[in-house]
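The values are calculated or read from the model by the stated rules, or taken from the named source; none is laboratory data. Note that the structure is a prediction, hence the values are computed from the model and not measured. Here the Cβ positions follow ideal geometry from the backbone for every residue, glycine too, while neighbour counts run over all protein chains shown. For the accessible areas, the whole protein counts, side chains as well, though only heavy atoms, and no ligand, DNA or RNA atoms are used. Shrake-Rupley method; radii C 1.70, N 1.55, O 1.52, S 1.80 Å.
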Amino acid sequence: MIGQEKERYYDASGKLIWEQNPALRSAWDHAVQAADAGLSAKLDQWSPQWNQAFSAGSFATMPCPAWMLGYIRPGRRGRQGQVGRGRAARRRRQLGRLVPGRAEGREAQEGGVRADQVAHRPRAADQALPEAGQLPSATGAIEKVADAKDPFFSNAPIGKIFGDAAKEAPVQVLGVHDQNIAQQITNALSEVERKGTAPEKAWSNAKKGVENTIG
């Protein structure tokens, strides 16, 4: 949800605003509600346990920005080779569903326009999206992949899904400590999810964590 916002932790002047940002607090509240409702698998993304559950189809759905396509396909990083087509089909149906937090936003939103993903050149972009899940950062190149489809995801029109999402995505304000702040908030949400810590207490813990980390 925060990946869909223009301002997250800093404003355009470089001022730290995460505590006062209503969009961030709204995302926090939604995440807390999801945890309270039992809608989380309680796994740290990219951890060995998460990878194992991913390959076994142990959780129902996950956000899928463009750069996750290559990660999901069979045989990537040694995790998916044994996954049956039935499980793959269940995953394929998730592509292109809406994401909470932005009206009519798509799951792909935060994979929108990232200069490090690839492909300013339209010719390179023709192959980058279908083969590696890399959405081009240049507008002209995005148009070049508009007709791209992916056989693994039931020939979903990935070019249109991700291209439309990129057009909706804002140009984000990034700050020097974005990653540190995000990690402290993630840690605090894990407290709510796994330990039953009260949300306000966890938010306070996140604030202390940020202060200790960045000063």
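Residue count for the stretch 133-146 under the criterion of being of a type outside the set (S, T, N, Q), without any contact (Cβ under 8 Å) to a residue 60 or more places away in the chain and within 19 Å of Met68 (Cα to Cα): the result is 4. Residues that are open to solvent by 80 Å² or more (accessible area, probe 1.4 Å) number at least 3 in the following helices (runs of 4 or more DSSP H) confined to the stretch 2-78: 22-36, 48-56. For the stretch 16-67, enumerate the residues that are modelled with pLDDT under 90 and in contact with a Gly (Cβ under 7 Å, 6 or more places away or on another chain). Answer for the stretch 16-67, where residues must be modelled with pLDDT under 90 and in contact with a Gly (Cβ under 7 Å, 6 or more places away or on another chain): Pro65, Ala66, Trp67. Selection of the stretch 160-208 for residues being more than 21 Å from Leu43 (Cα to Cα) and open to solvent by less than 30 Å² (accessible area, probe 1.4 Å) yields Ile161, Phe162, Gly163, Ala165, Ala166, Val173, Gly175, Asp178.
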